[in-house]
Structure formats: C-alpha cells, structure tokens
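Trainee: Here it is, the structure, as structure tokens.
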Amino acid sequence: MNKMKVICNTSPIIGLMSIDRLPLLWQLFDEVLIPQAVEKELCVSSIEHSKEVEAIKEYITEGKLTVYQVKNEEIVKKMYGKLHYGELEVIIGAKECNLPLAIIDERSARKMASEFLIDTIGILGILTLAKKQGLIQCVKLDIDYLRKNGYRISENLYNRILEQNEED
C-alpha cells in the first residue's frame, strides 16, 4: 500500500499512546497532521499526564506530528456545537488539504466527515491496518488493553474486529 498523508483527532492519539502504539501512525502514513485544536487538547498541562504531553511536544519537534492551521476558521466557528473544535478542524483540514483519509473515532464526527466525502478510520482500523502490513502480530491484546483503559468498544464491534482479523 502506498503511504499517504492523514489528519488525526485527539482520541486516537491518546488511545494509541495508552497502549504504546502511537508510532504505528508514522509507520503507516507519510505524514500525520494534527490541527491546532487537537494540539491544544493534547498539550493541556496536567501533572498526571505530563509525560504524555512532553512526548507529544517531542513528536511535533521531530516532525512525526505536523500541526496544521485551518484556513477557514469561520466555518469551524459556525459549526461548533455540532462537534468539538478538534473534530471540526480535522474534517475542515482534511477538506482543505484534499486528504483522502481522516483518523477519527467518534461516530458523530465520522458521520459528518462522510457528509464532506472524507473517508475515516479509527483506532481499531489503525490496528487492523498495522496487522495487515505485518507491523503487529495481533490486535486482540491491544484492543483488550484499550478496553481495560476505559476505551469504549461494544461487544459487537469487538467481536467483528477480531473476526475480521481472524482472531478469537
């Protein structure tokens, strides 16, 4: 598969970091953009997450994550309330950069992205793609760990992903 440029929302980054799988993003994609609203969400100073905040800042400095400034801030402001700023900036940023794919987990944001004709993939799709490309051996352990960390994954979706990856 040819690598491509993508834009990513906050929760997939937090989820991937929680299972030590964030590097999959730059192994799978040429460039990973995060809009400014996502950078703000990720870099909010907190004592309990200071290690993660420092890691994000380092990934930005190293160019593994590229901060993107949305050009059409007006449309983001007008649409705020339907979704959060980060989700809206991901969708508008994907449109502005003519990106084929956005990484978003939230169902409502994925629905809006599809209305803008943007394909989406979530954290489970990232893990599946990584397995297909031989970057990880199995998805079950990572998904179990995500669920243990409070990531909401329905039993139906859980079983579907395991079946799709030929795991049980």
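Trainee: Please state which one of GLU52, GLU39 is within 14 Å of the chain's Cα centre (by Cα) and either in a helix (DSSP H, G or I) or at pLDDT below 90 (or both).
Mentor: GLU39
Trainee: Give me a count of the residues in the stretch 24-33 that are out of contact with any Cys (no Cβ under 9 Å at 6 or more places or on another chain), crowded, with 19+ Cβ neighbours inside 10 Å and in a strand (DSSP E or B).
Mentor: Going through the stretch 24-33 one residue at a time, the tally reaches 0.
Trainee: Then there is this: I'm checking my understanding of the structure. Among residues of the stretch 139-168 that are of a type in the set (Ser, Thr, Tyr) and assigned to a loop (DSSP other than H, G, I, E, B), which one is farthest from ASP20 (Cα to Cα)? Let's see the steps before the verdict.
Mentor: As a first pass, look at the stretch 139-168 and keep what is of a type in the set (Ser, Thr, Tyr): 145, 151, 154, 158.
Subset that is assigned to a loop (DSSP other than H, G, I, E, B): 151, 154.
Values: TYR151: 14, SER154: 22 Å.
Taking the candidates together, the pick is SER154.
Trainee: Another question about this same structure. Give the residues of the stretch 1-23 that are over 19 Å from LYS95 (Cβ atoms), surrounded by 21 or more Cβ atoms within 10 Å (Cβ to Cβ) and aliphatic (A, V, I, L, M), sorted by residue number.
Mentor: ILE13, LEU16, LEU22
Trainee: Out of contact with any helix residue (DSSP H, G or I) (no Cβ under 6 Å at 6 or more places or on another chain) and closer than 18 Å to LEU24 by Cα, is that true of LEU124?
Mentor: Here the answer is no, as LEU124 does not meet what is asked.
Trainee: Output the residues belonging to the stretch 132-152 that are under 28 Å from GLY93 (Cα atoms) and surrounded by 19 or more Cβ atoms within 10 Å (Cβ to Cβ).
Mentor: Answer for the stretch 132-152, where residues must be under 28 Å from GLY93 (Cα atoms) and surrounded by 19 or more Cβ atoms within 10 Å (Cβ to Cβ): just LEU146.
Trainee: Shifting gears a bit: So, in the stretch 122-138, of the ones that are outside any loop (DSSP other than H, G, I, E, B) and more than 14 Å from LEU157 (Cβ to Cβ), which residue ends up nearest to the chain's Cα centre (by Cα)?
Mentor: Per the criteria, the residue is ILE126.
Trainee: Filter the stretch 60-114 down to residues that are free of Cβ contacts under 8 Å to residues at least 12 places away in the same chain, in a helix (DSSP H, G or I) and under 17 Å from the mean Cα position of the chain (by Cα) and give me whichever is nearest to LEU22 (Cα to Cα).
Mentor: Looking at residues that are free of Cβ contacts under 8 Å to residues at least 12 places away in the same chain, in a helix (DSSP H, G or I) and under 17 Å from the mean Cα position of the chain (by Cα), I get ARG107.
Trainee: Let me ask you something else. With the checklist (1) surrounded by fewer than 12 Cβ atoms within 10 Å (Cβ to Cβ); (2) touching a helix residue (DSSP H, G or I) at 6+ places or on another chain (Cβ under 9 Å); (3) not charged (D, E, K, R) in hand, flag the one item GLY81 doesn't pass.
Mentor: All conditions pass for GLY81, except number (2).
The values are calculated or read from the model by the stated rules, or taken from the named source; none is laboratory data. If you're wondering where the values come from, they're calculated on a predicted model, not measured in any experiment. Don't worry about glycine lacking a Cβ; one is built from the backbone with ideal geometry, like all the others, and counts go over all protein chains shown.
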